Amino acid sequence: MKSYRLWFLFLICLGALAQPSHNAAPDATVSVRGTAVDSRTGKPLSGVHVMLTEDPGLESSIVYGAMTDAQGRFSIPDIPAGDYTGSAEKRDFIFVPDRKKSTVTWFGALRLKFKADERPADLVLPMVERAIIAGRVLDEHGDPMINARVMAISVDEATAGFSYTNGRGEFRVSVPPGKYRVEGSKYSLSETTGSTSGYVHTYYPSATQIGGATVVETFAGRVVNGVEIKLVRPAAFQVSGEITGLPQGDRSLTLCWTPADSDRIGIEGWESGRLDFNTREARANGAASSISFSSSPLTAGTYYFYAECCAGGGEELRSRIAEVTLSDSDLQGISLVLVPGGEVTATVALAGGLVSPPDQPISVTLDSVNFTSRPQGERDASGNFTFHNVLPGHYRIDISPLPEDAYITVALNNAIVRGGLLDFSGGAAGMKLKIMLKAGAARLTGQVRKAKADTAQPRAQVLLFPEHEGYSVDQVECQSAEANENGVYSFKGLAPGHYRILARNDYSRKQCDQAAAAIRRGLIVEAVELKPRARAVKDLRVEDEANDESRP
Amino acid sequence: MNHAPRLCGVALLLLASVGAPAQDSPAEDKKPASLYGMATNSLTGEPLAHVEVELRRKISGRFSSYRRTVTGRDGRFSLIGIEAGSYSVSADRNGYNWVDDPLPGEPPILPVKPGEEIKDILLQLEPYAIISGRVVSADGAPVEHVTVEAFGHSSWFSGETDDRGEFAIGYLRSGLHLLRASPRRSEIPEVRKDGSVELSYGVTYFPGALAANGAVPVMARAGQETNVEIKMLPESKLQISGDVVADVDDAPLSVSLENSWHTRRGTVDKKGRFIFTGVPPGRYRLSAEARSDKSDSTHVALTNASIERIHLALSAPVDLIAQIRDADWKRIKALTENGTADVDITLKPFGLFISEDSHTCKLSPDGSCKMMGVTHGRYHVRVSGGPKTYYVRSLEIGEREFHDSILEIGGGPVQQQVLIELAPNGGEVSGIVRGEKGGVGGVLVLLLAQDGSFSAVVAGAHTSEDGSYVFQGIAPGKYKLLALNKNHSRLILSDEVFELDRNVTEEIEVGAGDRITQDLRMGEQ
């Protein structure tokens, strides 16, 4: 499913970048001819509605249409040269363009380019008699679920069809014949809390993981009945507690929560939320210095809870970030104390012959991972930095300009910080940072190739982890780079040492966690050692997804 | 600067710790309250299990989830350990509508006092009504991918026909619904050069009408399924065309044709011409807009012939200075207490929706006030707050004069003055709204002014306990009177929805000084 979503985004990007092709003479026209055929029998199909839609013209686009005759032939004469999408429709049939021989859009249409001075080749438009998957979607009590979305995805993930259940909870999805997994989901947003219906994507018959899906085989012109999906709703629990340390006056404050595993922030799994309070109203309700809260119901998992205050006037206050794990019951007594930011000091040492150019002194910024704040260090005469009003949260260090060939090591209260992620979630006051810039950074480049072919894989994600001993890697130290059109990736500013590396085809927020787990289990063995000032080259192959046990 | 925050923080922490012991002692005002109740099937009165009951707490003017529970087999629920405060209760179960579901954002408040025990909260849930059926073509063949909407006074939902042409719309509440079937259609025009003809259907109302006034409402019943067949009609052959007058720097121009549920966009060619084809009969707002904020719009009622040569001339919205004639203003001031009249002037547009945004201003002591950004169109003008029998007799803008409270704002300067003449002998309409058992109190009665086929709500009044209502100070003219069903407020008051109530709508004509009695029946649910 993720790859589908990504594809969709990618197409949107392409659409935005595409320029109308005006290089052809304005009145240059072409005539397009072709045949619609039944892809199973190879016989021509009559009465097919063929449509060529002018492509990039969003404003004044035109569809050129035609119907196929008794021999399955159609003709669309004298249309402007340029880019088009082509599609075909006929009752009880589905257009199935050949994805190997032609470019097909996400919506199943052909991408076509007609040049002014060339006679276009005859188009062959394959159609197939549709199959229908019919059934019902039920809730956890067995009652029919209306307006549930039902998606049938072919087992090779090449084709899909979807529909919504009607007022009786029934659905009929039209698909090209083949084997499918059928997934039901129910999405509805509560206006008060922003939480979802609570149902998760459920595969027929009632599985939450794709592995538990029963495959449905369909045949042309036939209906598969009785596909009944019982939607799964995981139990949900509430978190309650108290916010203290309220400021004087009439101020608004907010309680926020977000899943610790950020991959759960998706279209369906939006489990982040907030509650707004007002200090004056809290006092009117008899609470002198505290406000009690109760979250909306949340499914099992780990969440970050924190309170913040006084946006739009007054001093900024924030509580520590409380990590709350829900397993099988409500959780009470979470205490969040609003405190002002604390003072953090930092020293910067240059080693290995590095010199900071006098006309361009180094500046140090703390970049908040959770929030938008970026406190900048105040530099004193001796070159030490002080950060005022640093609120609780996680931060990374940003150094500008970073001397050429330098890499950064950070110690927090004299302990080396792995991956440069500073944990101030319990408060930042009194934290002492020691930042070391060392000379001798290494570079690493290479080309990513396809899993089973010796050609470049464009735009793969390359993940790099410092290796500590054996297969020991830490996901917080994950660095990623995207390969370019030619599959070439590069990293620089790397500390010398041993690394683990891999390339993946798709992007997921959770990829660092998954990859680190796979490395620790010995599933990924690509390693590279970088000596000081190395210019290393390492070619990679993308992970073959079918053999990738690290995926869910 | 950098020390101040820390001091403030210490002070707050101290405050918090001083406050803590007080909270630990079981103070009377901290004693938790409890809520108990039951959910039932409103048709059978039987207890209903699996109903999700949510208690929402009102904080800072907003409701947020406070506690949830689920009814047991006996339909009962309990919520204990509740802090004192302002709450609302809601009930939800798949397959049922909560009978007392309030309007969004306006739930009734349940105040909970410390230590209180609230018992016997009754939550009644009504099983969904379903309207289902088939959509067929003229030759009886099923039509796929048709969106069928059911809209009634208290519910509006839709469904799509499947490969057999069948649909089933759920979620509905009991009551009359209009059914509208819209075929899936590309917004992009299709050009055919091979001689074949595109067969397209038009939007069709049950049982087979192109416009809402020919539709027959269908009764939906809770827990039951009502079955209908809709025969799609061919697309209308009617067109609306014309041109737009604009300056060169207004380009690009766009035109749109809007009815109460759909907006079609069109293009303007180099000569300023536009055309909309396949327009079903009905009422439309046709408007042209330029990037420069200039616009023009007009209302069009399409019946059985195409409408051509509509001229739209772009100009900026008007700032209107309303001025009561001197003599009238003096008389009004003399009639009000202490000579301080608190009088409003209101412009109600005749539009696609019964209650469109109106322009209002409060008259200053010199009898004038200003309305900013009034767009072109026709309006009904009313005075309110002054003596009750006064109405707007005539209006003058420059050389143009208007009568019977109807005003047209057209092109011209950006600032215009309208001189208002008032008359003391407005008509009066009164009567009683009757239900099955006599007069019904608390019903909203609407008075709609008519301008051709367009209407505007000019006044609304709630009936008193005996069901009586009265409107005073009505300008001479044609009006409609309608007593809304109490559930009506869930929907946008579009002209189409009023078709549901056409049997209980009364048309009246009011002359100066008339006293008309008109009893009304309340609209069906």
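Structure above, values below:
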{"item": "Qualifying positions in the stretch B:345-383 - in contact (Cβ under 8 Å) with a residue 60 or more places away in the chain, among the β-branched types (Val, Ile, Thr) and over 20 Å from B:LYS330 (Cβ atoms)", "result": "B:ILE354, B:THR375"}
{"item": "Failed criterion for A:LEU317 (all others in (1) touching a Cys at 6+ places or on another chain (Cβ under 8 Å); (2) modelled with pLDDT under 85; (3) within 13 Å of chain B (Cβ to nearest Cβ) hold)", "result": "(2)"}
{"item": "Failed item, numbered, when A:ASP69 is tested on (1) within 14 Å of another protein chain (Cβ to nearest Cβ); (2) among the acidic types (Asp, Glu); (3) on the phi > 0 side of the Ramachandran plot", "result": "(3)"}
{"item": "Residues that are surrounded by fewer than 20 Cβ atoms within 10 Å (Cβ to Cβ) and not in a strand (DSSP E or B), drawn from the stretch B:368-389", "result": "B:THR375, B:GLY385, B:PRO387, B:LYS388, B:THR389"}
{"item": "Some residue of the stretch A:200-208 being assigned to a strand (DSSP E or B), modelled with pLDDT under 90 and more than 14 Å from chain B (Cβ to nearest Cβ)", "result": "yes"}
{"item": "Unique residue being farther than 18 Å from B:PRO234 by Cβ and away from every other protein chain (no Cβ under 14 Å) when the list is B:SER155, B:SER182, B:SER174", "result": "B:SER174"}
{"item": "Residues being crowded, with 18+ Cβ neighbours inside 10 Å and among the small types (Gly, Ala, Ser) - total across the stretch A:433-453", "result": "4"}
{"item": "Top-ranked residue in the stretch A:377-432 [being within 14 Å of chain B (Cβ to nearest Cβ) and not in a loop (DSSP other than H, G, I, E, B); ranked as surrounded by the fewest Cβ atoms within 10 Å (Cβ to Cβ)]", "result": "A:GLU378"}
{"item": "Residue list for the stretch B:39-54, restricted to those being buried (at least 21 other Cβ atoms within 10 Å of the Cβ) and part of a strand (DSSP E or B)", "result": "B:ALA39, B:VAL53, B:GLU54"}
{"item": "The lone exception for B:LYS58 - which of (1) assigned to a strand (DSSP E or B); (2) modelled with pLDDT of 90 or more it fails", "result": "(2)"}
{"item": "Scope the stretch B:390-401; condition touching a Leu at 6+ places or on another chain (Cβ under 9 Å) and surrounded by fewer than 19 Cβ atoms within 10 Å (Cβ to Cβ); matching residues", "result": "B:SER394, B:GLU396, B:ILE397, B:GLU401"}
{"item": "Contacts under 7 angstrom Cβ, first residue in the stretch A:35-57 being within 11 Å of chain B (Cβ to nearest Cβ), partner assigned to a strand (DSSP E or B) and aromatic (Phe, Trp, Tyr), 6 or more apart", "result": "A:VAL50/A:PHE74; A:LEU52/A:TYR64; A:LEU52/A:TYR84; A:THR53/A:TYR84; A:GLU54/A:TYR84"}
{"item": "Wholly enclosed strands (runs of 3 or more DSSP E) of the stretch A:458-530 bearing at least 1 residues of a type in the set (Lys, Arg)", "result": "A:488-494, A:497-504"}
{"item": "Members of the stretch B:60-84 found to be free of Cβ contacts under 8 Å to residues at least 24 places away in the same chain and buried (at least 19 other Cβ atoms within 10 Å of the Cβ), listed by number", "result": "B:SER64, B:SER65, B:TYR66, B:ARG67, B:ARG68"}
{"item": "Output for the stretch B:69-85, where each listed residue is modelled with pLDDT of 90 or more, in contact with a Leu (Cβ under 9 Å, 6 or more places away or on another chain), at negative phi and of a type outside the set (A, V, I, L, M)", "result": "B:THR71, B:PHE77, B:SER78"}
{"item": "Residue match in the stretch A:75-95 (condition: over 30 Å from B:LEU199 (Cβ atoms), at pLDDT 90 or above and of a type outside the set (Asp, Glu))", "result": "no"}
{"item": "Test result for A:ALA483, among the small types (Gly, Ala, Ser) and without any contact (Cβ under 8 Å) to a residue 24 or more places away in the chain", "result": "no"}
{"item": "Qualifying positions in the stretch A:147-159 - more than 14 Å from every other protein chain (Cβ to nearest Cβ) and more than 13 Å from A:VAL216 (Cβ to Cβ)", "result": "A:ASP156, A:GLU157, A:ALA158, A:THR159"}
{"item": "Qualifying residue in the stretch A:25-47 (condition: hydroxyl-bearing (Ser, Thr, Tyr), within 42 Å of the chain's Cα centre (by Cα) and modelled with pLDDT under 80)", "result": "no"}
{"item": "Among the candidates A:LEU350, A:LEU366, A:LEU336, A:LEU354, residue that is surrounded by 16 or more Cβ atoms within 10 Å (Cβ to Cβ) and part of a loop (DSSP other than H, G, I, E, B)", "result": "A:LEU354"}
{"item": "Residue that is nearest to B:LEU484 (Cα to Cα), among those in the stretch B:431-445 that are assigned to a strand (DSSP E or B), out of contact with any helix residue (DSSP H, G or I) (no Cβ under 9 Å at 6 or more places or on another chain) and aliphatic (A, V, I, L, M)", "result": "B:VAL445"}
{"item": "Selection within the stretch A:48-60 - at pLDDT below 95, of a type in the set (A, V, I, L, M, F, W, C) and surrounded by 17 or more Cβ atoms within 10 Å (Cβ to Cβ)", "result": "A:MET51, A:LEU52"}
{"item": "Neighbours by Cβ (under 6 Å, 6+ apart or cross-chain): first from the stretch A:129-146, more than 7 Å from every other protein chain (Cβ to nearest Cβ); second among the acidic types (Asp, Glu) and assigned to a strand (DSSP E or B)", "result": "A:GLY135/A:GLU228; A:ARG136/A:GLU170; A:ARG136/A:GLU228"}
{"item": "Selected residue (criterion: farthest from B:SER468 (Cα to Cα)) from residues of the stretch B:426-455 that are out of contact with any Phe, Trp or Tyr (no Cβ under 7 Å at 6 or more places or on another chain) and aliphatic (A, V, I, L, M)", "result": "B:LEU446"}
{"item": "Failed criterion for A:LYS186 (all others in (1) over 30 Å from A:PRO126 (Cα atoms); (2) away from chain B (no Cβ under 11 Å); (3) at pLDDT 85 or above hold)", "result": "(2)"}
{"item": "Test set (1) in contact with a Ser or Thr (Cβ under 9 Å, 6 or more places away or on another chain); (2) farther than 27 Å from B:ASP269 by Cα - B:SER241 fails condition number", "result": "(2)"}
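Per-residue answers, yes or no, for (1) in a loop (DSSP other than H, G, I, E, B); (2) within 29 Å of A:TYR187 (Cβ to Cβ); (3) modelled with pLDDT of 70 or more; (4) basic (Lys, Arg):
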{"position": "A:ASP263", "(1), (2), (3), (4)": "no, yes, no, no"}
{"position": "A:GLU268", "(1), (2), (3), (4)": "yes, yes, no, no"}
{"position": "A:PHE277", "(1), (2), (3), (4)": "no, yes, yes, no"}
{"position": "A:ARG280", "(1), (2), (3), (4)": "no, no, yes, yes"}
{"position": "A:ARG283", "(1), (2), (3), (4)": "no, no, no, yes"}
{"position": "A:ALA288", "(1), (2), (3), (4)": "yes, no, no, no"}
{"position": "A:SER292", "(1), (2), (3), (4)": "no, no, yes, no"}
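For (1) part of a strand (DSSP E or B); (2) without any contact (Cβ under 8 Å) to a residue 12 or more places away in the chain, each residue gets a yes or a no:
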site: A:TYR84; (1), (2): yes, no
site: A:SER87; (1), (2): yes, no
site: A:ARG91; (1), (2): no, yes
site: A:TRP106; (1), (2): no, no
site: A:LEU112; (1), (2): yes, no
site: A:GLU118; (1), (2): no, no
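The values are calculated or read from the model by the stated rules, or taken from the named source; none is laboratory data. No experiment lies behind these values; they were computed from the predicted model shown. Heads up, the Cβs are rebuilt from the backbone with ideal geometry, glycines too, and the neighbour counts pull from every protein chain shown.
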